[in-house]
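Worksheet for the structure shown next.
The values are calculated or read from the model by the stated rules, or taken from the named source; none is laboratory data. Because the structure is a prediction, the values reported are computed rather than measured. For neighbour counting, all protein chains shown are included, and Cβ atoms are generated from backbone atoms with ideal geometry for every residue, glycine included. These area figures cover heavy atoms from the full protein model, side chains too; ligands, DNA and RNA do not enter into them. Shrake-Rupley method; radii C 1.70, N 1.55, O 1.52, S 1.80 Å.
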Amino acid sequence: MKKRILSLFIVILVTLTGCYTQNLVTVRSANDDISENLDLEAVAALFGESTNLEDFEARINDPQNHISNLDLNGDGYVDYIRVVESMENGVYLITLQDVLGHDQYQDIATIDVGRNTEGYVLVEIVGDPYFYGPNYIIQPIYNTRPVIYSIFWNPYHRFWVSPYYWNYYPHYFQPWRPYTIVNYRSYISRYRMAPQYYRYMHARTYNYGDRFNNKIFRNDYEKMHPNRGFEHRNQGYQNARELYQKRNNFNNNVGRQNTPEHREAPNRDVKQQPVRVNKEAPKYREAPVTREKSPVYNKER
């Protein structure tokens with residue numbers, strides 16, 4: 001009888017220990033927020049390195065760059081992110097959309113490209129509030145004027161709308177398994193350092209209406225999971241910036257614009273190369289830089 005009681009006690013103890021361990025794992029994994037799977041500082045750096053929006057989309061989805069770690073549809077592979085361009089009141093909106101499934105997309109962030117009153121280009125990366133919380137706005141300050149600026153406000157400019165969709169991707173995109181957050185941070189750390197700096201804004205510079213007020217806005221993931229927004233996932237934090245600061249996971253290459261050499265606005269070398277503010281057509285047409293396009297239809301991911 002005593003042996004039976006002892007055996008029963010051991011079984012109960014093992015069960016309780018397993019449940020307790022499982023709870024510990026759950027709490028630990030909850031420390032990694034979904035917003036950490038696409039670092040917008042890294043996106044800003046990549047935007048400054050791109051020659052055009054087609055090149056920008058290719059760089060985001062290149063497995064060698066590890067820029068995205070998002071798997072929103074839960075199929076075990078990193079999702080393809082398409083880039084769609086539109087315009088609102090003279091401001092170019094470059095929207096990053098996660099491809100969830102057939103005719104299912106989710107906005108992740110928007111890049112606002114406009115000109116200030118002096119005619120200088122000003123770029124802001126705005127995270128979707130569902131993922132990053134309200135007013136998560138990054139203003140990159142590039143050491144040199146990005147080549148990609150030359151494609152905007154050009155009479156020959158053609159808007160880029162990604163031709164890719166669910167199960168139809170470019171040849172270079174081979175879906176990969178998501179990395180752990182620790183490994184992902186290690187991969188993208190090189191994009192978060194000099195030669196660019198970052199300002200965090202409290203509001204968008206370009207006021208053209210409500211968030212992502214454009215024709216291609218999609219929020220299919222948000223509709224499927226209305227209770228997984230940033231405010232539900234991280235109570236007590238305003239947005240991702242505050243969350244990262246509290247976790248000591250914030251870029252030290254921020255705020256340096258307050259030093260004397262960075263008090264000039266948006267992009268330090270732009271004053272030597274101001275953007276044309278009149279509508280006079282240039283005397284030549286810039287040759288577009290394109291990547292070889294060999295789209296492949298993937299029957300299975």
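Put simply, when 38-47, 62-71 are sorted by average Cβ atoms within 10 angstrom per residue, most first, you get 38-47, 62-71. Each Lys and Arg Cβ is given +1 and each Asp and Glu Cβ -1; about its Cα centre, the range 33-151 then shows a dipole of about 420 debye. With a simple spin-label model that places each label point 7 Å from the Cα along the Cα-to-Cβ direction, the separation between Asn219 and Arg190 comes to 3.7 nm.
Label positions at Gln64 and Glu231, each projected 7 Å from the Cα along the C-beta direction, are separated by 4.4 nm.
Taking all protein chains together, Tyr172, Tyr130 sort by accessible area into Tyr172, Tyr130, largest first [probe 1.4 Å].
For Ile111, the solvent-accessible surface computed with a 1.4 Å probe is close to 0 Å², ligands and nucleic acids excluded.
Report the full-extension gain for the segment Asn143 to Asp103: residue separation times 0.36 nm, less the Cα-Cα distance, to one decimal in nm. Walk me through the numbers on the way to the answer.
Working: separation 40, 0.36 × 40 = 14.40 nm, distance 3.91 nm.
Contour length minus the Cα-Cα distance gives 10.5 nm.
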